[in-house]
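The values are calculated or read from the model by the stated rules, or taken from the named source; none is laboratory data. Please read all numbers here as calculations on a predicted model, not as lab measurements. Methodologically, a virtual Cβ is constructed for each residue, glycine included, from the backbone with ideal geometry; neighbour enumeration extends over all protein chains shown. Just so you know, the surface numbers come from the protein's heavy atoms only, side chains and all, with ligands and any DNA or RNA stripped out. Shrake-Rupley method; radii C 1.70, N 1.55, O 1.52, S 1.80 Å.
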Amino acid sequence: MAHKYHILTSPTPARFKPITKAGIIAWEEGCLKCARCVKKDCVYKVYEKRSLDSRQMLDSLDTACMDCFRCVQNCPNRLIQKSINPLYKALGDNYWTPEIIENIWNQAENGRVPVSGGGYHGPFSGPGFDAMWTDMSEIVRPTRDGIHGREYISTTVDLGRKLMSLEFDSGGKLISSPPPLVEIPLPVIFDVLPWSPGGKGINLAFLEAARNTRTFAVIHQADFMTDMDEYVPNIILFADDDVLKLSKEMIRRLKIIELPDSGNVMAIQEHLKKINPALVIFIRFRLSRNASVRAAALAKEGAEVIHLTANENGMGKAEDPLFIKDRIRQIHSHLIEAGLRDEVTLIGSGGVAMAEHVAKLVICGADAVAVDIPLLVAMECRVCRRCTEGISCPVDLENIDYAWGASRIRNLISGWHNQLLEVMGAMGIREIRRMRGEMGRAMFFEELEKEIFSGMGIKGLINGK
Amino acid sequence: MKKTNAGKKYAIFFCQQIDKNQDVNRRSIEKEFGPQIRFFPIPCSGRIEPLHLMRAIESGADKVYVVTCPEGACRYREGNIRARKRLLYTQNLIEEIGLERGMLELIRLKAGNNYTVDKLTRELLG
Ligand code: SF4
Ligand code: SF4
């Protein structure tokens, strides 16, 4: 049996106190001086251990409280209240919600999968990834040894072009040479960030974590520096500057180069492959209405890996109304119809915020997924986007220690890997390569709605469509 | 900002109830003044403790403002009154150790006005 893929985790505390959901408002005035104050009864000793973080003026009352409400209920004069922390509500935006951010922080801190004790509190369905449900029918029949035991669930994927047939000469000698493939143990690579403060710590943390988890990180050509040299085996160099500036030596050392799509992208691919035949080339472009046609054309011309990107909220170019999962489904199906799907690798990125999004994109037809913002959030980013306005980062991300950052990212990725195993185990799929495009094992809210209500003459219930 | 204020450091504690959009509104000031001004939004001004104010002075603030909602408008009934008491208490403390009372100032907003953090700050820095 193959060696099991396992990511080592270690608790890695945040440098700043996290912003918590609720705060305590406790008055001293009006205190009845009870013989035994409810504050003494706090199981977590929140009041006894009270301290102040003067960098942020955050009171440990808020950050240490576990929301059990014991003190709130028991104070006879009702001097203690809990309130939603407005700072928490201000985290992120509509897509990168405070809940998503908090979840990533927790996973990055301890490497454990998020568990909500009281069951699922979220809505039945929602926009984007929430309008898709995976078939968990096998969850009632746990495999004999469980997904973390003797059972082996593989999350390994290959990146590169695949041969559809082998050719032999008249003497029976193999004449077709297989194109180069790169194998990664998890269908996740680290992408360039849509925004971030400066400082090289962030990129180094990505690279160190990529090396530890045996995956790759995309690095802008202009950001490559000599101190990244040792990470070359884990770098996908995004040649968005000028590919001709790359030295031959560099091209020979790299395993993967990513090219922005252009009219002569295939010629550049050929040029690079002449220098290094073992090189795998990614071609990157923004999702749009024409993405299917473009992807098919590239596949036909010999593209190996197509990296389809959406913006931070999973949307393509401005005129494209489709969310990434729906657009990728369409591209996947289009390539199948054209008989080209298995030749190329598809990577999707943009708006991937949770482990389940990785599983969902794979089900919609992506071979692998590129992650960006969650890696920054793992290093305490609050998605406030102050860095895009030239304001100093509230969590000082410019000056992080890359080893600390890498450890947080590793914890997060381990959590995601375990959740991926959970999803696959529950679906009864043991091989992620077989989960790709398995749309029959998922339900799509919009389609169900259409199916059920269109016969009744009722128009869509969501989005007023 | 007037020339006389150049280089001065400010800490501004304010009740978040006064400006729901504080996180966005304060950015223009943060951009302009950089580390010279630090904002500390608090869930209720009544949460302010002498310790907060002392720490702000300790970390180099030349002037500390505590901004509360108008009297009678506190979401937690008496938070702003408590904030005043604690500020007075801390003023006495710092005076005893030889600092000026004026380093700490309470700003109570007037009822019936809509405030944004940025406008307010500009007014304060005059
Ligand atoms: S709510 Fe519970 S955990 Fe929080 S301070 Fe009160 S008793 Fe402690
Ligand atoms: S916390 Fe805000 S300023 Fe810092 S990296 Fe994240 S978005 Fe940028």
Within region B:31-46, restricting to residues that are out of contact with any helix residue (DSSP H, G or I) (no Cβ under 7 Å at 6 or more places or on another chain) and at the interface with chain A (Cβ under 8 Å from one of its Cβ atoms), the one that is surrounded by the most Cβ atoms within 10 Å (Cβ to Cβ) is B:F40
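What number of residues within region A:45-59 are in a loop (DSSP other than H, G, I, E, B), more than 16 Å from ligand 2 (Cβ to nearest atom) and either within 25 Å of B:R38 (Cβ to Cβ) or within 14 Å of another protein chain (Cβ to nearest Cβ) (or both)?
Of the residues in that region, 5 qualify.
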Find the residue count for region A:68-91, including only residues that are farther than 17 Å from A:R36 by Cα and open to solvent by less than 20 Å² (accessible area, probe 1.4 Å). 4
Considering every residue within region A:368-379, establish whether at least one is touching a Pro at 6+ places or on another chain (Cβ under 9 Å) and part of a helix (DSSP H, G or I). yes
Just give me the residues in region A:265-303 being within 16 Å of A:I251 (Cβ to Cβ), open to solvent by 70 Å² or more (accessible area, probe 1.4 Å) and among the basic types (K, R), in sequence order. A:K274
If you check A:D62 against the conditions, is it open to solvent by less than 30 Å² (accessible area, probe 1.4 Å), within 13 Å of chain B (Cβ to nearest Cβ) and among the charged types (D, E, K, R)? yes
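Would you pick out the residues in region A:354-409 that are of a type in the set (G, A, S), within 14 Å of ligand 2 (Cβ to nearest atom) and crowded, with 24+ Cβ neighbours inside 10 Å?
A:A378, A:G405
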Open to solvent by 60 Å² or more (accessible area, probe 1.4 Å) and either more than 14 Å from chain B (Cβ to nearest Cβ) or hydroxyl-bearing (S, T, Y) (or both): does that describe A:P11? yes
Hey, among the residues in region A:129-187 that are in contact with a Gly (Cβ under 7 Å, 6 or more places away or on another chain), within 30 Å of A:G425 (Cβ to Cβ) and at pLDDT 90 or above, which one's surrounded by the most Cβ atoms within 10 Å (Cβ to Cβ)? A:V182
List the number of the failed condition for B:D118; all other conditions in (1) crowded, with 17+ Cβ neighbours inside 10 Å; (2) in contact with a strand residue (DSSP E or B) (Cβ under 9 Å, 6 or more places away or on another chain) hold. (2)
Residues of region A:30-44 being open to solvent by less than 50 Å² (accessible area, probe 1.4 Å) and within 14 Å of chain B (Cβ to nearest Cβ), in sequence order, are A:G30
If we keep just the residues of region A:17-29 that are within 12 Å of another protein chain (Cβ to nearest Cβ) and in a loop (DSSP other than H, G, I, E, B), which is farthest from B:E58 (Cα to Cα)? A:K21
Spot the failing condition for B:Y76; the list is (1) without any contact (Cβ under 8 Å) to a residue 60 or more places away in the chain; (2) within 30 Å of A:S392 (Cα to Cα); (3) within 14 Å of another protein chain (Cβ to nearest Cβ); (4) outside any helix (DSSP H, G or I), and only one is missed. (2)
B:L109 out of contact with any Lys or Arg (no Cβ under 8 Å at 6 or more places or on another chain) and within 13 Å of B:F13 (Cβ to Cβ): no
Residue under question is B:R108, and the condition is that it be within 13 Å of the chain's Cα centre (by Cα) and open to solvent by 10 Å² or more (accessible area, probe 1.4 Å); does it hold? yes
Could you list, ordered by first residue, the pairs with Cβ atoms under 7 Å in which the first is in region B:14-29 and within 9 Å of chain A (Cβ to nearest Cβ) and over 17 Å from A:I25 (Cα atoms) and the second is among the aliphatic types (A, V, I, L, M) and open to solvent by 30 Å² or more (accessible area, probe 1.4 Å), at least 6 apart or interchain? B:D23/A:A90
In this structure, does B:E58 turn out to be open to solvent by 30 Å² or more (accessible area, probe 1.4 Å) and more than 7 Å from chain A (Cβ to nearest Cβ)? yes
